[in-house]
Each structure stands twice: as C-alpha cells, then as structure tokens.
Amino acid sequence: MTPTALTIAGSDPSGGAGIQADLKTFHQFGVYGMAVISLLTVQNTREVKEVSVLSPELVQQQLQAVMEDLPPLAIKTGALGSAANIEVVVDMLQETALPLVVDPVMVSTHGRALLAQDAVDVLMRRLMPIADLIMPNIHEAQLMTGIKMERIEDMHMAAERLSDLGARAVLVKGGHLDKGPCVDLLYAEGERILLEADRVDTMNTHGTGCTFAAAVCANLAKGLDVLESVQRAKGYVLRAIETAPGLGQGHGPVNHHATV
Ligand code: PXL
C-alpha cells in the first residue's frame, strides 16, 4: 500500500518552511503528501511581511474533502493560526485513530506570531490529548509550561508536564539552548531518551522544525514506531542542515534532498 501523509499547516512562499517543507519531506521519504492550508504567510528568507489566517470553515472543508475520500495513514499539524482552526481540526481528527504529530508552532523564524495568544490554551486543552507526539522547541515548551528552559532537567520537567495533558509522547527539542551539542529529549510512558547531535554553526535553519516533524510523520505513515521515526527524522534533519543549498540572503532553507 502506498504510504500517505497529510499536513495541516501554513504556507511559506519561499519554500523552506510550512506546507512546502512538509510536502518536500514527505516526498523525499517516498510518502504521498497532502496539505490542508491553515494560513498564508508572505515571507522570504529575510522577513515575514504578512500573515493571513484562513477561516475555520475553509480549513474544515479542506480537511473534510481529504478525509472523506483519501484519508492519510498519518497526520502532522504545524501553524494553525487561531483557536477556531484548532477546534475544527480536533473535532474532525478525534473521530479517527490516525497517528498525529503536533508541531506547536507559535512564532515564525523571524519572530512573527503564527498562533493567536488565546489559542495556546485551546492547543493544550484539546489538541494535546489526541496527539501521539508533540514536538515543542524550548521556547514553546516554556510558554506552555511556565518552566524556564536552561538545562536538560528543565526539558524533562516540561515533558512530564505536557505528557500529563495527554500527549502519548513528547519531544522537547533543545536546539535553541545556548551551547553544547543539540540534545532533544523524548519522553514517553514515564521514560526519557536523550537524542544527541553535533551543533552545526549556520544561518540556514529556516523550516527545520517543520521538516523534523514532517519526517517523523512520514516514518509513522510507513509503519515505524515513534522512537524509530524520531531517530530517522533527526538524522535526516541534521544532513539537511549540513548540506543546505545556501539560498536567499537571510535564514536559508535546509536541503530537503538530503538522504533519508
Ligand atoms: O518553522 C515554523 C514555521 C511554520 N510554518 C510557517 C512558517 C514557519 C517559520 O517561519 O513560516 C508557515
């Protein structure tokens, strides 16, 4: 059977993040990709000029069109934009038992809000309990838990807290910690696993979060378990950063052609 995956996320016309990154990543992993668009950004590698959030009706209708005809084997959510968009997504997805990866995108690479303030609460209360894996970076983890993220132990505490909200597994991404290797902490069923990678000194990290979550989702669609999916996805993202094509004058995209 052809593995299929769906992303519900925002558009980045410069192609490095959002649904564009997700679809390229699905494709690279040999997975048929589908995309429900939740918001449009007007941006390039230098700046975000505009963000326009789609109506919940349009998001609901796109999702319905996919689900009634060709339901995917796994789903990933990225920037959803509003509390109302999260509500319609959860209303529809809670009926299904499909593997769901949640990238709780709150701000863009350039610091623009991609999720309304009041939506963080809805995300935690409604989306988290149906997630198989939620993948916050330290800023998102800090915003959701109030725990100041400075050390691995802080990441562990935040992961426990988020796990209590119902997510089956939590991956707190430590790439934004100040120094040392990039350590991500995977927490599931009371156990933690540390995933380490060398830090790459580069400007070209635009869309890494999207690409990471999409790669996990692609592997879940292919039937791998969460740990194996995360490990393979992390390797792919590291190679994608190391071989970034150097496009644009700001934060450039990663190389989605990297080996899987
Ligand atoms: O990486 C977060 C992200 C998600 N979605 C869209 C984005 C970005 C980062 O800039 O533009 C559409």
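The values are calculated or read from the model by the stated rules, or taken from the named source; none is laboratory data. Computed from a prediction, not measured in an experiment: that's the story for all the values here. Quick reminder, even Gly has a Cβ in these numbers, built from the backbone with ideal geometry, and neighbours come from all protein chains shown. Side chains included, ligands, DNA and RNA excluded: accessible areas come from the protein's heavy atoms. Shrake-Rupley method; radii C 1.70, N 1.55, O 1.52, S 1.80 Å.
Of all the listed residues (64, 117), the sole one being of a type in the set (S, T, N, Q), without any contact (Cβ under 8 Å) to a residue 24 or more places away in the chain and out of contact with any helix residue (DSSP H, G or I) (no Cβ under 6 Å at 6 or more places or on another chain) is 117. The set of residues from segment 147-175 being over 15 Å from the mean Cα position of the chain (by Cα), of a type outside the set (Asp, Glu) and open to solvent by 10 Å² or more (accessible area, probe 1.4 Å) comprises 147, 148, 149, 151, 152, 156, 157, 161, 163, 165, 166, 168.
State which residue is nearest to the ligand (Cβ to nearest atom) when the search covers only segment 79-124 and only residues that are part of a loop (DSSP other than H, G, I, E, B) and acidic (Asp, Glu). Steps first, answer last, please.
Of the residues in segment 79-124, the ones part of a loop (DSSP other than H, G, I, E, B) are 79-80, 82, 94-99, 103-106, 108-112, 114, 116-118.
Narrowing the set further to residues that are acidic (Asp, Glu) leaves 95, 103, 118.
On the way: 95: 26, 103: 7, 118: 19 Å.
In this case the residue turns out to be 103.
Looking at this structure, is residue 216 hydrophobic (A, V, I, L, M, F, W, C), part of a loop (DSSP other than H, G, I, E, B), in contact with a Lys or Arg (Cβ under 8 Å, 6 or more places away or on another chain) and at pLDDT 95 or above? No; evaluated as a whole, the condition is false for this residue. Looking only at segment 237-260, residues that are in a loop (DSSP other than H, G, I, E, B) and either on the phi > 0 side of the Ramachandran plot or of a type outside the set (Ser, Thr, Tyr) (or both) come to 15 in all.
Can you tell me how many residues in segment 185-206 are among the small types (Gly, Ala, Ser) and more than 20 Å from the chain's Cα centre (by Cα)?
So the count comes out to 1.
Considering only segment 203-237, state which residues are surrounded by fewer than 21 Cβ atoms within 10 Å (Cβ to Cβ), within 20 Å of residue 31 (Cβ to Cβ) and not basic (Lys, Arg). If the condition is that a residue be surrounded by fewer than 21 Cβ atoms within 10 Å (Cβ to Cβ), within 20 Å of residue 31 (Cβ to Cβ) and not basic (Lys, Arg), then 223, 224, 225, 226, 227, 228, 231, 235 are the ones that fit. Kindly provide the set of residues from segment 147-188 that are out of contact with any helix residue (DSSP H, G or I) (no Cβ under 9 Å at 6 or more places or on another chain) and assigned to a loop (DSSP other than H, G, I, E, B), ordered by number. Correct list: 151, 178, 179, 180, 181. Reported count of residues in segment 176-204, each being under 15 Å from residue 156 (Cα atoms) and of a type in the set (Ser, Thr, Tyr), is 1. When 122, 107 are checked against the criterion of being at pLDDT below 95 and either small (Gly, Ala, Ser) or under 19 Å from residue 9 (Cα atoms) (or both), 107 stands alone in meeting it.
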